[in-house]
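Note sheet for the following structure.
The values are calculated or read from the model by the stated rules, or taken from the named source; none is laboratory data. No experiment lies behind these values; they were computed from the predicted model shown. Quick reminder, even Gly has a Cβ in these numbers, built from the backbone with ideal geometry, and neighbours come from all protein chains shown.
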Amino acid sequence: MVGRVEAGGPGSNMELNMRMTSVVAVCGMIGATVALAACATREIPYDELMTRYGLPSSHTFEAEPGLILHYTDEGASSGRTIVLVHGFAASVHAWRPWVERLDNDYRLIAIDLPGHGITQAPQDYQASLDRNAALVGKLADHLGAQRFVLAGNSMGGGVSLAFAMEHPERLEALVLVDAAGWPGEEGEARGGPPGFVGLLNNGVGRFFLKLFDVRMFAVDGLKSAYLNEALVTDEVVSRYADLAMGVGHRDILLTQRSQPDTPWTPADFADIRVPVLVLSGEQDNLIPVEDARAIAAAIPGARLVTYPEGGHLPMEQLPDETVRDLRAFLDGLPPRR
């Protein structure tokens, strides 16, 4: 007689064991998620960020409903205006070495893009390269700068290129410092901190990045960008990490579109008809110097200067050398109209 498995028989134990294993696995996943979440740092309110990192020249401007841009405006009001656009995860502070060396002769305006610095954005704000370029124009309009020199580093270089292609009549000159944007670059792989690149490209990676204190990623990325490790002080690391933890900043940083809405071709660069200075560190680990050479070759009359010991942030790493070359370029511009 063939036996029959009863409710309390071995078959039931096996099924129960399987269920228990599943429950344990789920509980383990929940526990791991809770543990990871405990590693995260709280988001920092903007008034607290302003207290810590605001500058004497700090101002704000509501460019769109709920979008309150933080910017600095200083230097010689009667001088030529230079608008400065930072790179990914940076802020107006990236330009302090230039401002300190140029403020006797030029008016210097630096912008914090959405998701960066002390700029406040509404919930679910979607940043993009083209939208950032439009914000440069809005800020310039707000400050009465009808024509100006536009300088951008890394992602900010791509923003500056987008503005130059759309509004060449507004520019006296364009300065590109280790700029992103040359066609053929692979998504976010150039212009963003190296430790973030793989994680930024998928939703799961972005989820886990939001759980961790950004200081865990910042140090290696900053050392790679600056090259000179002496510049990566505790103060610099804290500033980058704290500003990345502004309310809503991580969502914008992890979802922003850093490519133009319409992909560029070399012909787009050839159509740029303003004076252009291209600066690049030959040891840039994020955007290779070959991109700078290609950009300079594609833009008619562009001047290229490279720095054998320079990294991704030569305006901070080599401020005296870069300001010297910038001044020489600016001195050769036609008189202001």
Exercise. Just need a number here: residues in region 92-124 that are of a type outside the set (Gly, Ala, Ser) and touching a helix residue (DSSP H, G or I) at 6+ places or on another chain (Cβ under 6 Å).
Key: 10
Exercise. Scan region 50-77 and report the pairs whose first residue is free of Cβ contacts under 8 Å to residues at least 40 places away in the same chain and at positive phi and whose second residue is in a strand (DSSP E or B) and not aromatic (Phe, Trp, Tyr), with Cβ atoms within less than 9 Å and a gap of 6+ or a chain change.
Key: Gly75/Thr81; Gly75/Ile82; Gly75/Arg107; Gly75/Leu108; Gly75/Ile109
Practice problem: Considering (1) touching a Ser or Thr at 6+ places or on another chain (Cβ under 7 Å); (2) modelled with pLDDT under 95, say which one Gln123 fails and leave the rest. | Solution: (1)
Practice problem: Look at Arg101 and say whether it is of a type in the set (D, E, K, R), in contact (Cβ under 8 Å) with a residue 24 or more places away in the chain and within 30 Å of Arg336 (Cβ to Cβ). | Solution: yes
Quiz prompt | Matching option when the condition is among the hydroxyl-bearing types (Ser, Thr, Tyr) and at pLDDT 55 or above, among Thr33, Thr21, Thr72 | solution = Thr72
Quiz item: Between residues in region 218-240 that are over 19 Å from Asp284 (Cα atoms) and residues that are assigned to a loop (DSSP other than H, G, I, E, B) and of a type in the set (Gly, Ala, Ser), which pairs lie under 8 Å by C-beta distance while being six or more apart or on different chains?
Solution: Arg239/Ser91; Tyr240/Ala89; Tyr240/Ala90
Practice problem: Counting only residues that are in contact with a helix residue (DSSP H, G or I) (Cβ under 6 Å, 6 or more places away or on another chain), of a type outside the set (Asp, Glu) and modelled with pLDDT of 90 or more, give me the helices (runs of 4 or more DSSP H) lying completely in region 169-239 with at least 1 of them. | Solution: 215-226
Self-check item: So Gly66, is it surrounded by fewer than 18 Cβ atoms within 10 Å (Cβ to Cβ), more than 19 Å from Phe163 (Cβ to Cβ) and out of contact with any Pro (no Cβ under 6 Å at 6 or more places or on another chain)
Solution: no
Quiz item: Just wondering, is there one or more residues in region 326-334 that are at pLDDT below 95 and within 21 Å of Met165 (Cα to Cα)?
Solution: yes
Quiz item: Does any residue of region 74-85 turn out to be of a type in the set (Ser, Thr, Tyr) and within 17 Å of the chain's Cα centre (by Cα)?
Solution: no
Quiz item: What about Ala89, is it among the hydrophobic types (A, V, I, L, M, F, W, C), touching a helix residue (DSSP H, G or I) at 6+ places or on another chain (Cβ under 9 Å) and at positive phi?
Solution: yes
